[in-house]
Amino acid sequence: MKTTNDYDSQDFVQTLQELETSLKTGLSEDEAARRLQTYGYNAIQEKTESAYKRFLKRFWGPIPWMIEAAALMSAIVQKWEDFTIITILLFVNAIIDFFQEYRAMNAISALKQRLENKILTRRDGQFKQVLFKELVPGDIIKLKIGDVVPADVQLIDGDFISVDQSTLTGESLPVAKKAGEIAYSNTVVKQGEMLAVVVNTANHTNFYNVVALVANAQMHEVSHFQKMVIKVGNFLIGITVLMIIIILVSAFLNHENMLEVVRFALVLTVAAIPVALPAVLSVTLAVGAMNLARKQAIVSRLVAIEELAGVDVFCLDKTGTLTQNKMSVVQPITYKEIPEESLFLTAALASKRENNDAIEVPIFDYLSAEFTQVDLAQFEQVNFIPFDPVRKRTEAMVRTGDGYQKVSKGAAQILLEMCGLGDADQAKINQTIDELAMKGYRTLAVAKTAIHAEMETLKQDEGWQFLGLIPLYDPPRDDSEEVLQSMRAHGVHPKMVTGDNLAIARETGAILGFPKQSIRAKQLTGATEDTLRNLLTTLTEAIYHRLTPLADKQASEAFAEQVMADLQQEFDTSQLDKELLHTHESSILEMIERVDIFAEVIPEDKYKIVDTLQKANHIVGMTGDGVNDAPALKKADCGIAVPNATDAARAAADIILTAPGIGVINDAIMQARVTFERMKSYTIYRIAETIRVIIFMTLAIVVFQFYPITALMIIMLALLNDIPILTIAYDNTKVRTQPVRWDMKEVLVLSFWMGMAGVLSSFMLFWITMTQMHLTLEFIQTLFFLKLVVAGHGTIFNTRLDDWFYKQPRPSKQLFWASFASAVFGTVLAVYGFDLMAPIGWEWALAVWAYAAVWFVFNDFVKMFVIRYYRKYYGEEVL
């Protein structure tokens, strides 16, 4: 089988013959199906671990090693009951973690299937949308601006395309390609439009050969929030290691059995560190993604759900996002009595019907509705140059019955300049365009050349004739204004970013309730370093000229030179430039923060707006649909591709909308804030629990040489605490009215004091049972096991809200019943013992529940006091 580069050196006619396909008809559906059986799907199979290996990984790593070491130590000292229980619990923990990851991976797999791309493919002579994976060698496809090249192809028809090959070669600039050349899989079309034949698919593409197969790593991407939680995990491990060292030193000084102490220390470490952290993250994120998928928003980068929680500025594209993206023709305006039929015929000939472009569809609809006698089949497009953001127009060479002519449609200012109209006519047309813009109409200009018998003479004489204007109106979506109001109510500042002219942008903005602050994007252009250096030169020349009138000219010149030398020494020029530039950048930032509508933007402007806001510590969301929106979508903290976005925009986006409107963006923001609250409550709970258990255990061992619970009890405690906390992914939480960010100082302060309150409650119970009631040590150990289980589950309900525990929203059924069932299970163990511990009976069990309930209320008072004190003097009233 030929490699892709082999085709690069041969004529494309030979390629078509070898692949037994036709430019005009493409493959038949039957032949395509046969080749699909032969070549397989056009999809590179990701290297994924088998379920068997993924399950075994649960027994490899620092946390499993500690549990396994504890089991081994139990076997060495012949504590066979402990060994059996620890081994069982090790497998139970592994199974639970594996099951939760399995669910998360299935969720992501289901979402990815909904993101499959399609490409225009000629089958049986007709263009149709075909899935990337169903392409086979010999398929004829159309590549246009914004498309991701779906396979290795040879270009066969069209003027040129410009391709971004950075994913393969690292080239920063797009590469121009013409007929006969190769375009590689996974590159992006930046300009132009051409037909191409598929030469290689899947594992035979250069993308497969050049780029190593890497399994999808969405589950392993780390967001700001995850980094914070991981830091918390490291902090807890640090505290635990310190406490364990203290226990070991104390045991050594007291001449205890070090083998038994080491076994206990290992088990205690297992109970203290966040064993459930990976599972909690996976489940919480997967649940958030599935909730958004139900609302027609597909998450391609899972951690973007969390990033959205902090978004405080949202840049919204106008067309297709705030508006319906359903253009309709308003009353056309012809130039100097040009027939309206000629205006629309020319506009249609400068378009491609099969592209289904939002601007071109209403032209074809209007032509077929108003001028039924027009037959487009009698005209042939010899070549076609599609619209791009630089040219701002389409152009086609058309063969008619009388010869050849060129036709074009696009931005009025471009076509007016091409046609060379007089000043008076241009002024009148521009006034008409402004009047239409004030009504919110987008104006399309149309022009053509005279008909020439020969194509060559046409190329020499391109005198363009202006035909008129086609006003188009894209009405705002019914829900846009309401959604924008909701965004503002929740602390998000929406900004409209559009390529339309300022008048149209203002009119649409007024309808949608945007404030009137609006600018053209070119007003964001900053001063260059050359400009600032010229300013410095002017300043120095002014100083010199002020000195030259002195009587002694030679002395004045020498003095001036000395002044300039001193200035150079005192102020480093480059530093001065930087300071001046910084001052200018500050003013640009202030302008961007103040302005609500940006008009006449180009892709570089979108990127600059996002970048500038991010440098000022804003978290920025961005919507887009075109290939040139991709850089800004990638740069934004959360990029969202709207429905019907190009493949390039979808590839760069974090979230892809599949339903019209922006209401789902608000849903995504709310879902992100809910996810944040769940992660925050888990973090506070995990720190408080570790402090509560590890510090109490250490103090009891060091001060009283007494082990409050056994190693086996610690393992069971860890398991009983970790199972219900997984259900926090389904908990009901507050939805903040402002963007939320981590305040780790508040989290640590709150967790510390809640943990210390738990230490105090345990020591008080210890003092009562040991010194006042003189209960047996085995009985006290069971009592403390039950106390730690019940109180630990209470901590979950203390930390889930930053308000009184009885306030709304109530805990979810999943969290409540999982916690309650786990606590009841621990109670039954303590009541009956089951040869695992000394039984305490129901009377003592109920007493422990009552004791824990009193301290639960006390802990809530501690929580509220710390929160109010901290936010009053150190933080914000509301996160």
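Quick one: how many residues across the stretch 691-741 are at pLDDT 85 or above, aromatic (Phe, Trp, Tyr) and closer than 28 Å to ALA75 by Cα?
1
Looking at the structure I just gave you, is GLU306 farther than 26 Å from ALA632 by Cα and either surrounded by fewer than 22 Cβ atoms within 10 Å (Cβ to Cβ) or at pLDDT below 90 (or both)?
no
Condition test on ILE662, is it under 17 Å from ASN325 (Cβ atoms) and among the aliphatic types (A, V, I, L, M)?
yes
When you check ILE96 against the structure, is it at pLDDT below 70 and either farther than 19 Å from LEU719 by Cα or assigned to a helix (DSSP H, G or I) (or both), yes or no?
Against the criterion (at pLDDT below 70 and either farther than 19 Å from LEU719 by Cα or assigned to a helix (DSSP H, G or I) (or both)), ILE96 qualifies.
Take the stretch 629-657 and flag every residue that is out of contact with any Asp or Glu (no Cβ under 8 Å at 6 or more places or on another chain) and under 11 Å from VAL299 (Cα atoms).
Those that are out of contact with any Asp or Glu (no Cβ under 8 Å at 6 or more places or on another chain) and under 11 Å from VAL299 (Cα atoms): ARG650, ALA653, ILE655, ILE656, LEU657.
Can you pull out every residue in the stretch 293-339 that is part of a loop (DSSP other than H, G, I, E, B) and of a type in the set (S, T, N, Q)?
Once the filter is applied, which keeps residues that are part of a loop (DSSP other than H, G, I, E, B) and of a type in the set (S, T, N, Q), the stretch 293-339 yields GLN296, SER300, GLN324, ASN325, GLN331.
May I ask you to list pairs of residues, at least six apart or on different chains, whose Cβ atoms are under 6 Å apart, with the first in the stretch 848-876 being modelled with pLDDT of 95 or more and the second being among the basic types (Lys, Arg) and assigned to a helix (DSSP H, G or I)?
VAL848/LYS787
Can you find a residue in the stretch 617-626 that is part of a strand (DSSP E or B), aliphatic (A, V, I, L, M) and over 26 Å from ILE119 (Cα atoms)?
Scanning the stretch 617-626 turns up at least one residue that is part of a strand (DSSP E or B), aliphatic (A, V, I, L, M) and over 26 Å from ILE119 (Cα atoms).
Starting from residues that are among the aromatic types (Phe, Trp, Tyr) and not assigned by TED's automatic domain parsing to the domain that holds ASP625, keep the ones in the stretch 307-354 and report whichever is farthest from the chain's Cα centre (by Cα).
Ranking the candidates gives TYR335 first.
Pairs, please: C-beta under 6 Å, at least 6 apart or cross-chain, first residue small (Gly, Ala, Ser) and in the stretch 329-349, second in a strand (DSSP E or B)?
Pairs that qualify, where the first residue is small (Gly, Ala, Ser) and the partner is in a strand (DSSP E or B), are ALA347/LYS409; ALA347/VAL446.
Evaluate the stretch 515-538: report whether one residue or more is modelled with pLDDT of 75 or more, surrounded by 12 or more Cβ atoms within 10 Å (Cβ to Cβ), out of contact with any Asp or Glu (no Cβ under 7 Å at 6 or more places or on another chain) and farther than 30 Å from PHE344 by Cβ.
Scanning the stretch 515-538 turns up at least one residue that is modelled with pLDDT of 75 or more, surrounded by 12 or more Cβ atoms within 10 Å (Cβ to Cβ), out of contact with any Asp or Glu (no Cβ under 7 Å at 6 or more places or on another chain) and farther than 30 Å from PHE344 by Cβ.
One line per residue, one yes/no per condition, for (1) surrounded by 15 or more Cβ atoms within 10 Å (Cβ to Cβ); (2) closer than 30 Å to ALA630 by Cβ; (3) small (Gly, Ala, Ser); (4) touching a helix residue (DSSP H, G or I) at 6+ places or on another chain (Cβ under 9 Å):
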| residue | (1), (2), (3), (4) |
| --- | --- |
| ASP375 | no, no, no, no |
| GLN378 | no, no, no, no |
| VAL398 | yes, no, no, yes |
| TYR404 | yes, no, no, yes |
| SER408 | yes, yes, yes, yes |
| GLY422 | no, no, yes, no |
| LYS428 | no, no, no, no |
| LYS439 | no, no, no, yes |
| ALA445 | yes, yes, yes, yes |
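Please go through (1) farther than 20 Å from THR121 by Cβ; (2) of a type in the set (A, V, I, L, M); (3) modelled with pLDDT under 75 for ILE44 and return the number of the only condition it doesn't satisfy.
ILE44 satisfies all of (1) farther than 20 Å from THR121 by Cβ; (2) of a type in the set (A, V, I, L, M); (3) modelled with pLDDT under 75 except (1).
State the number of residues belonging to the stretch 820-856 that are surrounded by fewer than 13 Cβ atoms within 10 Å (Cβ to Cβ) and either under 15 Å from TRP804 (Cα atoms) or not assigned by TED's automatic domain parsing to the domain that holds GLU746 (or both).
1
When residues of the stretch 485-510 are filtered for being buried (at least 20 other Cβ atoms within 10 Å of the Cβ) and of a type in the set (Asp, Glu), how many remain?
Looking only at that region, the number is 1.
So that you can scan it fast, the table gives a plain yes or no per residue for (1) assigned to a loop (DSSP other than H, G, I, E, B); (2) out of contact with any helix residue (DSSP H, G or I) (no Cβ under 8 Å at 6 or more places or on another chain); (3) at pLDDT below 90:
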site: LEU345; (1), (2), (3): no, no, no
site: GLU354; (1), (2), (3): no, yes, yes
site: ASP357; (1), (2), (3): yes, yes, yes
site: ALA369; (1), (2), (3): no, yes, no
site: VAL382; (1), (2), (3): no, no, yes
site: PRO389; (1), (2), (3): yes, no, yes
site: GLU395; (1), (2), (3): no, yes, no
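Check the stretch 631-639 and report whether any residue there is of a type in the set (D, E, K, R) and over 30 Å from ASP164 (Cβ atoms).
no
The values are calculated or read from the model by the stated rules, or taken from the named source; none is laboratory data. Small disclaimer: the values here were computed from a predicted structure and weren't measured. As a convention, Cβ positions derive from the backbone with ideal geometry for all residues, glycine included, and neighbour counts pool all protein chains shown.
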